[in-house]
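Quick notes on the structure that follows.
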């Protein structure tokens, strides 16, 4: 009887060790995917970009609300692919449709396809339609290696790159990567604070050759409500769909929905809501227009 119990215990231990080994082997041998941009010289990538923002602020019992919306077609015209894999493209906006609403002013709208003269406040956007804005060069992972400005415009900050930056090596579903940034924010009294932030990404799934990536922007340094209100538009959460074989973004969507209390005095508050959606267009697609 004792011998049978001993044999049973040995068998149970062997099964447990075998299962653990299989589990380890499965984790080690999980399929890995290399995510890289793969533009071809001469091709044009067009994206439909929608962006909306609503900001509601209350200061000393006075509440104001501002709202803006835009829809555009941005185009990347690939002009060169270097032997090291870096890709160079011309960035321009082919069409844009914008509107905004601010307190104590009439609503304003602009459509680059129908309005010859832009209303006040839209002159800069109107002047940037249909002309090269910049020449960009990126590595296969999306790191910007060169930028030449062709038209006056704000330069992209390091923590808000033009394209999502991908990991250098292959990774399995469930793995994460992140990038940290140090940015400057204004504080009361004219001083500056260096704030450490990061963007955390995770490969959530790969299906039919399309990778789904989640991304979240985080503030790591303790900050005051005043400083947080300056960074609030960066605090995005969203998803990216990436075509692994063709090496390009198919779509991405990012949202912000944050409240900050006390950003301008104890009785102040800010509610910031925004959404950015981007979708790769087929060659014949344009902005949808109402009849």
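The values are calculated or read from the model by the stated rules, or taken from the named source; none is laboratory data. Since we're looking at a predicted model, the values are computed, not measured. Here the Cβ is made from the backbone with ideal geometry for all residues, glycine too, and neighbour counts use every protein chain on show.
Does residue 110 qualify as being in contact with a strand residue (DSSP E or B) (Cβ under 6 Å, 6 or more places away or on another chain), under 20 Å from residue 234 (Cα atoms) and not in a loop (DSSP other than H, G, I, E, B)?
So residue 110 does not fit the description; no.
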Item to check | Residue in the range 144-197 that is farthest from residue 33 (Cα to Cα), counting only those that are touching a helix residue (DSSP H, G or I) at 6+ places or on another chain (Cβ under 7 Å) and surrounded by fewer than 13 Cβ atoms within 10 Å (Cβ to Cβ) | outcome: 188
Item to check | Residue under evaluation residue 189, criteria (1) in contact with a strand residue (DSSP E or B) (Cβ under 8 Å, 6 or more places away or on another chain); (2) closer than 30 Å to residue 262 by Cα; (3) outside any strand (DSSP E or B), criterion not met | outcome: (1)
Checklist outcome for this item: Across the range 248-284, the tally of residues that are closer than 30 Å to residue 35 by Cα, part of a strand (DSSP E or B) and out of contact with any helix residue (DSSP H, G or I) (no Cβ under 7 Å at 6 or more places or on another chain) stands at 15
Checklist entry - Would you say residue 152 is at pLDDT 95 or above, in a loop (DSSP other than H, G, I, E, B) and farther than 26 Å from residue 255 by Cα? => result no
Item to check | Residue among 52, 68, 141, 112 that alone is on the phi < 0 side of the Ramachandran plot, surrounded by 13 or more Cβ atoms within 10 Å (Cβ to Cβ) and touching a helix residue (DSSP H, G or I) at 6+ places or on another chain (Cβ under 7 Å) | outcome: 112
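Can you tell me which residues in the range 198-224 are over 30 Å from residue 30 (Cβ atoms), out of contact with any helix residue (DSSP H, G or I) (no Cβ under 8 Å at 6 or more places or on another chain) and touching a residue at least 24 places away in the same chain (Cβ under 8 Å)?
221, 224
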Checklist entry - under 17 Å from the mean Cα position of the chain (by Cα), under 30 Å from residue 245 (Cα atoms), outside any strand (DSSP E or B) and modelled with pLDDT of 95 or more - does that describe any residue in the range 192-214? => result no
Checklist entry - Quick one: which of 44, 102, 90 is over 30 Å from residue 146 (Cβ atoms) and surrounded by 12 or more Cβ atoms within 10 Å (Cβ to Cβ)? => result 102
Checklist entry - Residue check: is residue 263 more than 17 Å from the chain's Cα centre (by Cα) and crowded, with 17+ Cβ neighbours inside 10 Å? => result yes
Checklist entry - Got at least one residue in the range 121-134 being part of a strand (DSSP E or B) and surrounded by 13 or more Cβ atoms within 10 Å (Cβ to Cβ)? => result yes
